[in-house]
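Each reported figure results from applying straightforward, stated rules to the coordinates on display, with no laboratory input. Computed from a predicted model, the values in this text were never measured in an experiment. Every residue, glycine among them, receives a Cβ derived from its backbone with ideal geometry; neighbour counts consider all protein chains shown.
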Amino acid sequence: MKIYNTLTKTKEPFIPLITDRVGMYVCGITPYDSCHVGHARCYVAFDVIRRYLEYSGYVVTHIQNFTDIDDKIINRARERNVSPSKLSKQYEDEYFTCMDSLGIKRADEYPKVTKHIPEIIEFVQVLINKGHAYVLGGSVYFEVSSFPEYGKLSGRRVEDLLAGARVEVDEQKRHPADFALWKNAKPEEPSWDSPWGKGRPGWHIECSAMSQKYLGNTFDIHGGGQDLIFPHHENEIAQSEGYTGQQFAKYWIHNGFVTVHKEKMSKSLGNFFVLKEALSQYHPQIVRLFLLTTHYRSPMDFSPDKLDMTKASLERVYNLTDKLREMGCFGFDMEESIDRDNVMKHHPYPEAYKCVQVIQKTEERFKAAMDDDFNFPEALAVIHELITVTNKLISLLDAIDVSSVADNEATAIVAAGKQCLKYSACLLTQLAENVLGIRVQRERLGQGCNGQKTLTDGLMQLIIDLRQTARETKNFQMADIIRDRLKALGVTLEDTAEGTRWK
RNA sequence: GGCGAUGUAGCCAAGUGGUAAGGCAGAGGUCUGCAAAACCUUUAUCCCCAGUUCGAAUCUGGGCAUCGCCUCCA
């Protein structure tokens, strides 16, 4: 398995610190507002990465933080006249609602800043003791010049940062690039006691302190959006490596942005799609699949018509799994599809044997794609080819009934073919569903989360209209049958002067 | 100003030295009472220019275009 490492800007063989175990820290959200589609991309991407690592035999420890105290939360809470903790809780809940619907597996821990103040204070104190930080007016700053490797992740030099002239120039700091580890409390702000007075953690310190607590000084994978490379992750490295003197994360994985009309989706540009709204219009499975159609490091442009294309391709999956389910092909283990190769070799249709060969290579090709820096689109292509060839095999097996093969031979061949179809079903379940997280059994894709209700309403209206037609043509027998059958299903019809209603 | 990314068919998107995966859309055909699904056939020489090479979308140099980070941001 190879992973593109932002730190080295190359694809590197993945070698975990401990055989068969992977520690992965993914930067979570600051819960002060609703998630947008960009968040979904990030967490879907790392969900698939996590699933693939598990599929590959690793035991993964996945940690993802909530930065639940910060300027943005304080300000927003003040605007709404609620407590910061209540505000952050609201958006944490919303986060889980959205991500659960997308089929994202829960991380092992979701540590919060406010629950780790002692660890953070200790971390800051060590940095001061080691000469990496200094106290200034109740705040504590990291001294960038004390960490010569500063800039190694983002490829920046401190001198260049100054040339940009966009670094906030704090009159007090020793150097403009120094950043806050601990912020002196302003009046009426949430604060905690510390050796430097009342205050709260700076932005980057929580990830250093909490990743260390849950994953140790050095761990395998640290991930997040590309916009976190600088300054967030750069600063994390400075803090953590300044503290431990050891390498922080071995592999840095960063996902690309979601754009709208080619521009980054962001709060400040106001061009973002709120995730929960996107999910109410498009089924979460469509959104999830869409997010996998582009390599995780490339930018991807979001637009409704692209989701429509994705929806069509997902229907294609269901069209096949409908057939496989009707044929009783699901629910078997890989091992049960034995001997298909031998029998199919003598299939009277050589085309069928070719199908089998393609099916047999699916898993290997899927792995090759995913092993190459998690190439989601390539892996999806493999799945689509599996679907095509499985459909083809079904067609060929259908045709065998009318062939001139001897009965007993035809039976054996059809049985072998069926084994192949079971194998296809296994592959779809294991690869598409378990690894990519695309559920392969048909779901109503109609109208996002509201689809079920809308469909039911529509169907009921259709039945009522048909029954009304029967009543108008005096076909009361049919009308009564409809009413009785619905009653048996727990649906009651009421004919009123205003029309028929159901409950 | 510094650093970086991208430019492949109508649309989306893989491929990073040997003559272009896959999906969506389109066209023709098979099947079908009709439709749908499925199957078959079909739709590109890879932004431009120069160079390296037997051979480049794939490497080098130069353009053009778009975008990102350097300020909160997945």
Worksheet entry | Long-range HN-HN contacts of A:Asn255 with modeled amide H, under 5 Å | A:Gly224, A:Gly225, A:Gln226
Item to complete: Only helical DSSP H runs with n ≥ 4 go in: add -39500 (n - 2.57) per run for chain A, normalise by residue count and round the 222 nm mean residue ellipticity to 500 deg cm²/dmol.
Response: -15000 deg cm²/dmol
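For chain A, what does the alpha-carbon gyration tensor say about shape, rounded, prolate or oblate, given a ≥ b ≥ c as the root eigenvalues, a/c under 1.5 as rounded, and a/b over b/c as prolate? Write out the running numbers ahead of the final one.
Numbers: a/c = 2.99, a/b = 1.61, b/c = 1.86.
Taking the square roots of the gyration eigenvalues as a ≥ b ≥ c, chain A is oblate.
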Response to the item:
At the level of C-alpha centres, the distance separating region A:1-74 and region A:420-443, in angstrom, is 24
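Can you compute the charge dipole magnitude of chain A about its Cα centre, using +1 on each Lys and Arg Cβ and -1 on each Asp and Glu Cβ, nothing else charged? Give it in debye, rounded to the nearest 20.
Computed about the Cα centre, the dipole is about 560 debye.
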Practice prompt. Under a cut-off of 21 Å between alpha-carbon atoms, report the lysines in cross-link reach of A:Lys86, not counting same-chain residues fewer than 8 places apart.
Written response: A:Lys72, A:Lys112, A:Lys115, A:Lys186, A:Lys276
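Suppose every K and R has +1 on its Cβ and every D and E has -1 on its Cβ; what is the size of the dipole of region A:34-149 about the Cα centre, in Debye to the nearest 20? Could you put the intermediate results ahead of the total?
Values: 14 positive and 16 negative charges, 57 e Å.
Using Cβ point charges on Lys, Arg, Asp and Glu, region A:34-149 gives about 280 debye.
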Fill in: Semi-axis lengths, Å, region A:448-502, gyration tensor of Cα atoms, sqrt of 5 times eigenvalues
22, 12, 10
Discussion item. Checking the cross-link filter: which lysines have an alpha carbon closer than 23 Å to that of A:Lys418, excluding same-chain neighbours under 8 positions apart?
Written reply: A:Lys323, A:Lys345, A:Lys354, A:Lys361, A:Lys392
Discussion item. Straight-line reach from A:Lys487: which lysines fall under 16 Å, measuring Cα to Cα and dropping same-chain residues less than 8 apart?
Written reply: A:Lys503
Worksheet entry | Simple spin-label estimate for A:Glu79 and A:Lys262 in nanometres, 7 Å along Cα-Cβ | 3.1
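Just tell me, in residue order, which DSSP H segments of chain A are both 27 angstrom or longer along the helix axis (alpha-carbon based) and at least 0.0 in mean Kyte-Doolittle hydropathy.
On the way: long enough: A:304-326 (33 Å, -1.03); A:350-371 (32 Å, -0.70); A:376-399 (35 Å, 1.01); A:407-427 (30 Å, 0.25); A:451-472 (31 Å, -0.40).
Within chain A the helices that satisfy the rule are A:376-399, A:407-427.
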